[in-house]
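Data block below; observations after.
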Amino acid sequence: MTATVEARGGGLPGAVASEWTKFWSVRATWWCLVAGTALMLFYGTLSAIAQRIGDQPQGAHTIALGGGFYLTQFAVIALATLFVTSEYAGGGIRSTLLWTPVRSRVVLAKAAVLAPVLFAYGVLLSCAGMALATAVMNGHGLPTSFEAGFTTASGMGGYFALLGLLCTGIGWALRSAAGTLVSVIVLLVPLPLIVASLGLPEAMPYFPGIAGVNAMVEAGQPNPITMTAAPYAPWVGLLICAAWAAGALLAGTAVLRRRDA
C-alpha cells in the first residue's frame, strides 16, 4: 500500500509566510518603526507648540506633512533597504533562494509583505501626528478638514508603501545597504534640485519624492517642500511613485535572475 503525502505550503503563499516571519523576527524592523514614530510625534509636538507663539498658522495636516513626514521617510527607507540587503550581508540569501528557487517569487513575496505594512504604518502614523498636533495646538493654528486629513493619511500610506518597494527594487539590484541608501536618498532629495537648477524645474514634480508629497496635499494646494502647487491630482502623484517602484522592481528582478547569490 502506497501512502500519499499531501504537500502543504510552498508556492507564493509559503514564500510570503516565510518573509512575514523573517520581517517581524529581526530587531531592525522594530527599531525602524519606533524611530519613525518618534520622529513624527516629536516634530509634530514641537511644531504644534510653535503655533502658540508664531504668526504663520498651520493646520495639523500641514504639520504632519512638514518635517515630521520628511524625517520619518528615512526610517522607512532604512527598513525597506535592510529587508533585502541584510540577507546578502549575513548570507541568509542563500537559504532564501534555496527554499524559493523561483527568483521572481522571492521579489514578489517580500513586496507582498512590505507594501501593506508600510501602507498601514503611514496611515496610522499620519493620523497620530495630526491628532497629537491638534491636541497640543488647543485651538491655535488652522483647522484641518476631513478632506485634507484623508488626503494626507491615504497619501502618506500610499507613498510609504511605494517608497518601500522602490528601495527593495534598488536593493535587489545593488545588493548593498550603503549603495541602496545613497541611491535612494540622492533620487529623492538632491537629484530633483539639480535637474531644476539645470533649467528643467517642470521635471521636479515627476521625481518620486516630490510626487509623493504632492499625493498628500489637495489639488491646488502648495507642496510644503517645494512651496509650489502640484500640476496634477493627488492620485497622479501615487501613479508616478508606482511607476518608479515598478521600474526598480523589474530591474532588481532582472539582476537577481542573472546573478547568483
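Sort 11-18, 216-223 by the packing proxy (mean of other Cβ within 10 Å over each peptide's residues), most packed first.
216-223, 11-18
Going out from 0 in 5 Å bins, what whole percent of all Cα-Cα distances in the stretch 51-196 drops into each bin?
2, 10, 16, 17, 15, 13, 11, 7, 5, 3, 1, 1, 0
When the chain is modelled as a GNM with alpha-carbon springs shorter than 10 Å, which of Phe160, Phe69, Phe150 fluctuates the most?
Ranking Phe160, Phe69, Phe150 by mean-square fluctuation puts Phe150 first.
Based on the mean of other beta carbon atoms within 10 Å per residue, what is the order of 199-206, 77-84, 123-130, most packed first? Walk me through the intermediate numbers first.
Working: 199-206: 14.5, 77-84: 24.4, 123-130: 22.4.
The peptides rank, most packed first, as 77-84, 123-130, 199-206.
Could you compute the FRET efficiency for Leu191 and Val34, with r as their C-beta to C-beta distance and R0 at 30 Å, rounded to 0.05? Provide the component values of the computation, followed by the final result.
Working: r = 29 Å, r/R0 = 0.98.
For Leu191 and Val34, the calculated efficiency is 0.55.
Convert 25 °C to kelvin, take the viscosity as 0.890 mPa s, use the Kirkwood radius over C-alpha pairs of the chain as Rh, and evaluate the Stokes-Einstein diffusion coefficient in µm²/s, rounded to a whole number.
On the way: Rh = 19.3 Å.
Here the translational diffusion coefficient equals 127 µm²/s.
So what is the calculated 222 nm ellipticity per residue for the chain, using -39500 (n - 2.57) for each DSSP H run with n of 4 or more, over all residues, to the nearest 500 deg cm²/dmol?
-24000 deg cm²/dmol
Any chance you could give the angle, 0 to 90 degrees and rounded to 10, that helix 27-50 forms with the longest Cα principal axis of the chain?
0
Summarise the accessible area of the chain (1.4 Å probe, protein heavy atoms) by the percent that is carbon and sulfur.
Whole-percent figure for carbon plus sulfur exposure: 69.
By how many nm would the segment from Trp20 to Arg105 lengthen if fully extended, with 0.36 nm per residue of separation less the alpha-carbon distance?
Here the segment from Trp20 to Arg105 would lengthen by 29.2 nm.
How much length is gained on full extension from Leu97 to Ala251, taking 0.36 nm per residue of separation minus their Cα-Cα distance? If you can, show how the numbers build up before the last one.
Details: separation 154, 0.36 × 154 = 55.44 nm, distance 1.79 nm.
Full-extension gain reported as 53.7 nm.
Using only Cα atoms, find the angle between the long axis of helix 11-24 and the longest principal axis of the chain, and express it within 0 to 90 degrees, rounded to the nearest 10.
60
Please work out the ratio of the alpha-carbon Rg of the stretch 127-185 to 2.2 N^0.38 Å and round it to two decimals. Could you put the intermediate results ahead of the total?
Details: Rg = 17.0 Å, N = 59, 2.2 N^0.38 = 10.4 Å.
Working it through for the stretch 127-185, the quotient is 1.64.
Once the Cα gyration tensor of the stretch 108-261 is diagonalised, what are the square roots of 5 times its eigenvalues, in whole Å and ordered largest first, as equivalent ellipsoid semi-axes?
Square roots of five times the eigenvalues give 30, 20, 13 Å.
The values are calculated or read from the model by the stated rules, or taken from the named source; none is laboratory data. A quick note: this is a predicted structure, and the numbers were derived from the prediction, not measured. Glycine also receives a Cβ, built like all others from the backbone with ideal geometry; neighbour counts cover every protein chain displayed. The accessibility values were calculated without ligands, DNA or RNA, using every heavy atom of the protein model including side chains. Shrake-Rupley method; radii C 1.70, N 1.55, O 1.52, S 1.80 Å.
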